[in-house]
1. Using the basic label-point model (7 angstrom from Cα toward the beta carbon), what is the Glu13 to Thr127 distance in nanometres?
2. Could you sort Lys169, Lys85, Lys162, Lys51 by accessible area so the largest value comes first, with the probe set to 1.4 Å?
3. Given a cut-off of 23 Å, name the pairs among Lys46/Lys103; Lys49/Lys85; Lys44/Lys100 whose C-alpha atoms lie farther apart than that in the structure shown.
4. Describe numerically, in nm with one decimal, the distance between label points set 7 Å from Cα along Cα→Cβ at Lys51 and at Arg171.
Amino acid sequence: MIANHSVFGGNIEIEDFNTSSPNKRRISNQMEAVHFQETLEKRKHKTEKEKKYKSMNLKELRKMRLISNTDGRPSEHLTDETWQKEFELRKLFITPYSSKTKKLGGRFSRESTDRSEDNPHTYDGCTNWQSYCSFINDILYNIRGGQVDYCYYIYQIMDLAKFHFHDLKTRYCDGYWEVWLDPDNRQKEGGSSHE
């Protein structure tokens, strides 16, 4: 019986030395080697482009028509293809939250339970900010559970991207966006479904 031996580079199995039958891992590595130079050039080009765009501000990018003129509702001519490019550009200007931050909130993000009966002119409902925090936190809960949810404004997506910078996926669908988390990235980052 031949045992598998573990080394720094990974597990070596007896099939790794078999040249008569196809080995998926060996074939995959050979394909990666063939396209390695091309991949490096694409990565270098992307890095140069990002560096150029980072030196600009949002106003300049809007003038160049690389991003839309609003953070709100999309333009009527927006397509998913142009949105994906815009989303990548907008992410350059986002500072993600730390991994410890799980919900949108803060000091005034929850409705106060203390009600004063003395003043009849006091508004007793939740504020716009409290409603917005609740909306974003509901979406976060749903997408962390593996579901697809919906956004209607660009700023909502950008707030979600602060929580899930690398694994948030979006699709523009004629007036609204579908949002979800990339399950492959979630597993790589070690995230659980409900954080």
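The values are calculated or read from the model by the stated rules, or taken from the named source; none is laboratory data. Computed from a predicted model, the values in this text were never measured in an experiment. Methodologically, a virtual Cβ is constructed for each residue, glycine included, from the backbone with ideal geometry; neighbour enumeration extends over all protein chains shown. When the accessible area is computed, the model is the full protein with side chains, heavy atoms only, and any ligands, DNA or RNA have been set aside. Shrake-Rupley method; radii C 1.70, N 1.55, O 1.52, S 1.80 Å.
1. In this crude spin-label approximation the distance works out to 5.8 nm.
2. Working: Lys169 75, Lys85 130, Lys162 55, Lys51 155 Å².
My answer, sorted largest first, is Lys51, Lys85, Lys169, Lys162.
3. Working: Lys46/Lys103 32 Å; Lys49/Lys85 12 Å; Lys44/Lys100 32 Å.
Too far apart for the 23 Å limit: Lys46/Lys103; Lys44/Lys100.
4. Label-label distance for Lys51 and Arg171, simple model: 3.6 nm.
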